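Shown next, in structure tokens, is the structure this report addresses.
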Amino acid sequence: MLYVDEGQVLTSAGIAAGLDLCLHIVRRDHGDAVAAEVARMLVMPPQRAGGQAQFIEYRAPDGDAAELGDTLQWMRGKLNEPLNLADITAHAMMSRRSLFRHFRAQTGTTPLRRLLAQRVQRARELLETTALPLTRVADEAGFGSVEALRHHFTRQVGTTPSAYRATFRR
């Protein structure tokens with residue numbers, strides 16, 4: 001949703017959504033033709049569909065000063081390798097239950113969700129800064145297949161890797 005119009009209260013988040021809201025007000029008050037003319041002057045579409053992905057950079061808390069700091073750093077360095085919970089537990093030298101408890105306390109999530117979020121973030125970086133084919137992006141980010149990359153990327157970012165790349169690269 002780009003903006004909300006509840007009659008007396010209208011709101012949006014971000015600059016682009018604010019422009020969408022302004023065009024909505026012009027459309028509501030003066031009609032489609034005037035809104036289209038204003039949109040042309042702003043060099044933007046007269047009406048964008050809702051549901052655009054929010055391209056906010058994801059930075060999970062590191063907790064590096066805490067006891068999991070070495071494990072968190074180790075995980076970041078091994079994003080392109082097939083890691084599982086047993087690998088992370090062994091590196092942290094903790095039982096599975098302790099690892100989950102400490103992980104949740106220090107990062108706010110589980111070890112595998114953290115790993116997945118970091119892999120998606122790595123894929124975002126590669127899509128923004130390289131022309132690597134999706135197969136290489138999937139490998140470099142640790143997804144193993146383009147299908148897995150597409151699935152997890154779309155779930156977290158709200159758009160496909162190809163659409164994301166098109167938004168950020170010429």
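The values are calculated or read from the model by the stated rules, or taken from the named source; none is laboratory data. In this text, all values refer to a predicted model and were calculated from it rather than measured experimentally. Note that we place each Cβ from the backbone using ideal geometry, even for glycine, and neighbour counts take in every protein chain shown. All accessible areas refer to the heavy atoms of the entire protein, side chains included, with ligands and DNA or RNA removed. Shrake-Rupley method; radii C 1.70, N 1.55, O 1.52, S 1.80 Å.
Brief remarks on what is shown
- Residue-wise HN-Hα couplings along the range 85-96, as the Karplus relation 6.51 cos²θ - 1.76 cosθ + 1.60 with θ = phi - 60° gives them from phi, are 4, 4, 4, 5, 4, 5, 5, 6, 6, 9, 6, 4 Hz; Gly and Pro carry x.
- Three-way shape call for the range 1-47 based on the alpha-carbon gyration tensor, with the a/c threshold at 1.5: oblate
- Residue order by solvent-accessible surface for Ile88, Ile25, Ile15 is Ile15, Ile25, Ile88, largest first, with ligands and nucleic acids left out and a 1.4 Å probe.
- The chain: radius of gyration over Cα atoms, expressed as a fraction of 2.2 N^0.38 Å: 1.36
- A dipole drawn for the chain from +1 and -1 charges on Cβ atoms has a positive end, and of Met94, His24, Val43 the residue lying farthest that way is Met94.
- Of the solvent-accessible surface of the chain, computed with a 1.4 Å probe and all protein chains present, 54% belongs to carbon and sulfur.
- Gain on full extension, evaluated as 0.36 nm per residue between Met93 and Ile25 minus their Cα-Cα distance, stands at 18.6 nm.
- Rounded to the nearest 20 debye, dipole of the chain from Cβ charges on Lys, Arg, Asp, Glu: 420
- Summarising the amide proton neighbourhood of Leu79: residues at separation of 5 or more, or on other chains, whose placed amide H is nearer than 5 Å comprise an empty set.
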